[in-house]
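What follows is a set of notes on a single structure, which appears directly below.
Taken together, the values in this text are just the output of simple stated rules run on the coordinates, not laboratory data. Quick caveat, the model's predicted, so the values are computed rather than measured. Here Cβ is always computed from backbone atoms with ideal geometry, including for glycine, and neighbour counts include all displayed protein chains.
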């Protein structure tokens, strides 16, 4: 959690809920005073990033606050998020304002994950106009106001709290977006971050007549047959290191081309790999133009967030990721080395 910082400075990370309350209040003050909001989430956005951003976008517009929402190139979303209301309202990053009145980022732990929107965020911070909403403990608190709550199950939880502070009532579109963030970041209410408060928020959101069955199928179960064929190849090549209790597989550029599958479609592959009973840590590596994208998951004992941070990424204790230069074999060897030395 983090509160506001002086112009051009770096905020410290408070440890009590009172500091988070002050940060939320300061964020609400900035947003209320702004003539227009510019919202942004991280590159290759997941359900929580998209859901949180679109939820505040809907609420701002519903309450007479002009708003735009975007994320860096590649400006695409995975097929399983296409149902989210508001995707038809987003703004291409090339059209993002260079000097927004107030900029708000979502689920983004560092300026680097904002891609070409990063310099705009930095300029906004130095003039005291950057609000950061997140729940990752690895967040660098790069805003002028940092609403970062590692105890929150999802950034969607932080957005709900901010909406309450703003006095903006939920609507069905925002509720659908927030539910998406909540259900994806708790792994369908199965991860360690699933608490009574999570179920309470899910209950509140469900009162907006959400199509929960249809949403769940599209988010977690529905895939093209081509993706299933790619999964078969990736599971066949998976490697299990019994000593390290580590399972890993990878997707090559050749795989993507052979099966005509996009990298966005493979977001859920890690959830299949992590089912290996013998493994404490699971990993999926994917070749991409930016480098090797790595997804890490842990069951109980290992802090994969610390491992990801070591390699320039971030995340949570049980779910994290990073992007690295090199080959699949080289990056996999680095991860094995980190596990062998305790992270």
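Counting neighbouring beta carbons within 10 Å and listing from fewest to most, the residues 285, 228 come out as 228, 285.
For residue 330 and residue 244 in one chain, what is 0.36 nm times their gap in residues minus the Cα-Cα distance, to one decimal in nm? Here the segment from residue 330 to residue 244 would lengthen by 29.2 nm. Can you bin region 17-218 into rounded, prolate or oblate? Criterion: square roots of the alpha carbon gyration tensor eigenvalues sorted a ≥ b ≥ c, rounded for a/c under 1.5, prolate for a/b above b/c, oblate for the rest. Note, shape of region 17-218 comes out rounded. Our estimate of slack between residue 32 and residue 127, defined as 0.36 nm per intervening residue step minus the Cα-Cα distance, is 32.5 nm.
Among 25, 277, 319, which one moves the most in a GNM of the chain with springs linking Cα atoms closer than 10 Å? The residue that fluctuates most here is 277.
One chain, two ends: residue 188 and residue 217. Fully extended at 0.36 nm per residue, the span grows by 9.3 nm beyond their Cα-Cα distance. The modelled label-to-label distance between residue 83 and residue 151, using points 7 Å beyond Cα along the C-beta direction, is 3.3 nm. Over the C-alpha trace of region 82-202, radius of gyration and Dmax come out as 15.0, 41 angstrom. In terms of surrounding Cβ atoms within a 10 Å radius of their Cβ, 178, 162, 339 rank from fewest to most as 339, 162, 178. Of the residues 150, 100, 289, the one that moves most in a GNM of the chain with alpha-carbon contacts below 10 Å is 289. Against the chain, whose longest principal axis comes from its Cα atoms, helix 17-33 is set at around 60 degrees. The ranking of 99, 255 from fewest to most other beta carbons within 10 Å of each one's beta carbon is 99, 255.
The calculated 222 nm mean residue ellipticity attributable to helices in the chain amounts to -11000 deg cm²/dmol, summing -39500 (n - 2.57) over DSSP H runs of n ≥ 4 and dividing by all residues. Between the helical axis of 172-185 and the longest alpha-carbon principal axis of the chain there is an angle of about 40 degrees. Compared with the dominant principal axis of the Cα atoms in the chain, helix 47-62 is inclined by about 20°.
Projected label points at residue 63 and residue 207, each 7 Å from Cα along the beta carbon direction, are separated by 1.8 nanometres.
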